[in-house]
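For reference, the structure is listed below as structure tokens.
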Amino acid sequence: MAAGEVAAFLAEQRTVTCATLGRDGWPHLMPLWYVVREGELWSWTYAKSQKVRNLERDPRCTLQVEAGDSYDQLRGVMLKADCVLHRELATVTALGEEIAVRYGGAPLDVGARPYVANQATKRVALQFQVRESATWDHRKL
């Protein structure tokens, strides 16, 4: 996929699978909701989660976003990245609001903002800085 196609694909899809390395060396895969900021994927998750513990030990991760129900429709993006963990409450809250708007489909109402702010106290923001990528689009075969 060309850069514009990748950007459109990431904007269209809703779930990224994040693979981190566990202490035992085995991959740990988990789905995340995300937003794209200036070409980078950002997500948030609970600060005490296994993926955060793994990223604290080793910031390397692999991300995959995919779509397609049959072989001739498969397409996707794989990103090898370094994850930067952000713990500043203002950063985490702003990201949480951005994710809530993307997945809620509407601006936050008065009741949602305190909920996101409360969640932010328990979470960290994940910034994925891409080292290399691979894409595929079987619709072009």
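Observations on the structure shown:
- Carbon/sulfur fraction of accessible area - the chain, other protein chains in place, 1.4 Å, %: 54 percent
- Theoretical FRET efficiency, 1/(1+(r/R0)^6), r = Cβ-Cβ of residue 133 and residue 108, R0 25 Å, to 0.05: 0.20
- Under the membrane-span-like helix rule (DSSP H runs whose alpha carbons stretch at least 15 Å along the helix axis, mean Kyte-Doolittle hydropathy -0.5 or higher), the chain yields 89-104.
- Loop-located trypsin sites (Lys or Arg not before Pro) in the stretch 60-141 whose Cβ has at most 13 other Cβ within 10 Å (DSSP): 87, 122
- For the chain, accessible area per residue (1.4 Å probe, heavy atoms of protein chains only), Å²: 58 Å²
- Projected area averaged over orientations for the chain, convex hull of C-alpha atoms, nm²: 9.2 nm²
- Quarter of the Cα convex hull surface for the stretch 16-99, i.e. its orientation-mean projected area (nm²): 6.4 nm²
- Label positions at residue 29 and residue 119, each projected 7 Å from the Cα along the C-beta direction, are separated by 2.4 nm.
- Residue 49 - accessible surface, heavy atoms, 1.4 Å probe, Å² rounded to 10: 20 Å²
The values are calculated or read from the model by the stated rules, or taken from the named source; none is laboratory data. Note that the structure is predicted; figures quoted are calculated from it, not measured. As a convention, Cβ positions derive from the backbone with ideal geometry for all residues, glycine included, and neighbour counts pool all protein chains shown. Areas reflect the complete protein model, heavy atoms only, side chains present, ligands, DNA and RNA absent. Shrake-Rupley method; radii C 1.70, N 1.55, O 1.52, S 1.80 Å.
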